[in-house]
Amino acid sequence: MAAAVKALNAKIRSNKYLDYFCSTHFWGPASNFGIPLAAVADMSKDPEIISGRMTAALSCYSAVFMRYSLAVTPRNYLLFGCHLVNCSSQLVQGYRYLQYWNFGGRELALKGKEVGQEVVDKAASVVGK
């Protein structure tokens with residue numbers, strides 16, 4: 001059995017594409033892509049649910065690992081791309097957080113909801129007549 005596993009491993013390692021596909025240089029970034037995908041998906045959600053501390057932590061984490069991905073040998077461009085997307089999306093989330101909580105976005109959103117409710121009430125009264 002050990003000989004069969006050894007032969008299979010040698011066969012995989014002899015093909016450079018299969019060797020890369022079966023390495024941590026591929027599976028590390030591939031499994032890590034869940035974080036930036038979640039951040040991109042969250043861009044359409046209400047900014048009230050954004051955590052400022054977590055966004056800052058994930059931005060710093062991705063910036064550090066972008067540097068790390070180019071410092072290792074061989075350079076891991078898939079990991080770099082993963083963290084580039086994550087850092088960019090976290091910076092956008094950070095901007096949305098600051099805009100909403102610090103630069104008047106919350107007040108505008110609340111005012112818009114009030115105006116929207118007035119329009120709904122007025123439409124309901126017109127339809128009810």
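Bear in mind that the values in this text are calculations on the coordinates, not laboratory data. Here the structure is a predicted model, which is why all the values come from computation and not from measurement. For neighbour counting, all protein chains shown are included, and Cβ atoms are generated from backbone atoms with ideal geometry for every residue, glycine included.
Quick look at the values:
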| read-out | value |
| --- | --- |
| Over the chain: helical MRE at 222 nm, DSSP H runs n ≥ 4 each giving -39500 (n - 2.57), nearest 500 | -27000 deg cm²/dmol |
| Test item: Cα-centred dipole of segment 34-128, Lys/Arg +1 and Asp/Glu -1 on Cβ, debye | 400 debye |
| Using alpha-carbon coordinates, inclination of helix 105-128 to the longest axis of the chain, degrees | 60 degrees |
| Peptides 29-40, 104-115, 68-79, 85-96 ordered by average Cβ neighbours within 10 Å, highest first | 85-96, 29-40, 68-79, 104-115 |
| On Cα atoms only, tilt of 2-14 relative to the major axis of the chain in degrees | 70 degrees |
| ³J(HN,Hα), Karplus 6.51/-1.76/1.60, whole Hz, each residue of segment 26-31, x for Gly, Pro | 9, 6, x, x, 4, 6 |
| Whole-Hz ³J(HN,Hα) from phi, Karplus 6.51 cos²θ - 1.76 cosθ + 1.60, for segment 65-75, glycine and proline x | 6, 5, 5, 4, 5, 8, 8, 6, 10, x, 4 |
| Correct choice for Rg and Dmax of the Cα atoms in Å that was computed from the model, options [x] 13.6, 42; [y] 24.1, 86; [z] 21.6, 81 | [y] |
